[in-house]
Amino acid sequence: MAEDTVNAQVTDAVTQTNVKVVGEAPSQAIANLYQVVSNATGLSVQNATHAQQSMNQISTAVVSKGVQLIMEIGPTSGAESKPSGG
């Protein structure tokens, strides 16, 4: 009949491994948290940069259209509307 007892060295090795895993768990969790937070921060900076570049493109288009409208007015239309102050 087989023995029902387990070698003491095996149980000691398993116990030491369990203690090691339980002891390292908090530091592993914090390390994972730091990685997730840094990744999220990097993505938010990339999104902010992209939004800023998009707004710069829109701003350039708006300024160009504004300058075009000012140039279409011409210099004489403003002079005609002024009253002769006298």
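Please verify whether region 2-10 includes one or more residues that are in a helix (DSSP H, G or I) and surrounded by 10 or more Cβ atoms within 10 Å (Cβ to Cβ).
Within region 2-10 (the criterion being in a helix (DSSP H, G or I) and surrounded by 10 or more Cβ atoms within 10 Å (Cβ to Cβ)), the answer is no, since none of the residues qualifies.
Those residues that are among the polar types (S, T, N, Q) and surrounded by fewer than 10 Cβ atoms within 10 Å (Cβ to Cβ), I need them from region 21-51; list them, please.
Result: 27, single match.
No lab work stands behind these numbers, since they all come straight from the coordinates. In this text, all values refer to a predicted model and were calculated from it rather than measured experimentally. So basically every Cβ, Gly included, is an ideal-geometry build from the backbone, and we count neighbours across all protein chains shown.
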